[in-house]
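The values are calculated or read from the model by the stated rules, or taken from the named source; none is laboratory data. Here the structure is a predicted model, which means the values were calculated and not measured. Because the Cβ atoms are built from the backbone with ideal geometry, glycine has one as well, and the counts that use them run over all protein chains shown. Surface areas here come from the heavy atoms of the whole protein model, side chains and all, with no ligands, DNA or RNA. Shrake-Rupley method; radii C 1.70, N 1.55, O 1.52, S 1.80 Å.
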Amino acid sequence: MSNLQKPVLSLKQFILKQEVKNLYRRIFRAIREVKDENHRKELKLWARTDFRNNANYTDEITIKMCIKYGERCLKELETSLNLSK
């Protein structure tokens, strides 16, 4: 076996990873709706930085807390976008 193989994820880890990926996609879809180019760039940088900073967490509770935080931020962004229309 090669030393380059990734460790096998448990079912819970796999599901959490999918939740994180889906949240990332939803955030970037919402960011596309921002009309101002400068704000859009700033939001993309914020999202990427946050996800990269939290990528090393392995504890299930911590990951779930980060997901909840991301969902709250996404909801705030969507609310702001709806109010600006």
Problem - Inter-label distance for ARG26 and THR62, nm, one decimal - labels placed 7 Å from Cα along Cα-to-Cβ - result: 2.3 nm
Handout entry: Carbon plus sulfur fraction of accessible area for segment 1-68, probe 1.4 Å, in percent
Key = 55 percent
Exercise for the section: Quick one: P(r) of the chain from all Cα-Cα pairs, 10 Å bins, percents rounded to integers, in order of increasing distance. Expected result: 15, 43, 26, 12, 3, 0
Practice task
With a Förster radius of 25 Å, plug the Cβ-Cβ distance of LEU11 and ASN82 into 1/(1 + (r/R0)^6) and report the FRET value to the nearest 0.05.
Solution key: 0.10
Practice task
Kindly state, to the nearest 0.05, the FRET efficiency for LEU4 paired with TYR69, given R0 = 22 Å and r defined as their beta-carbon distance.
Solution key: 0.10
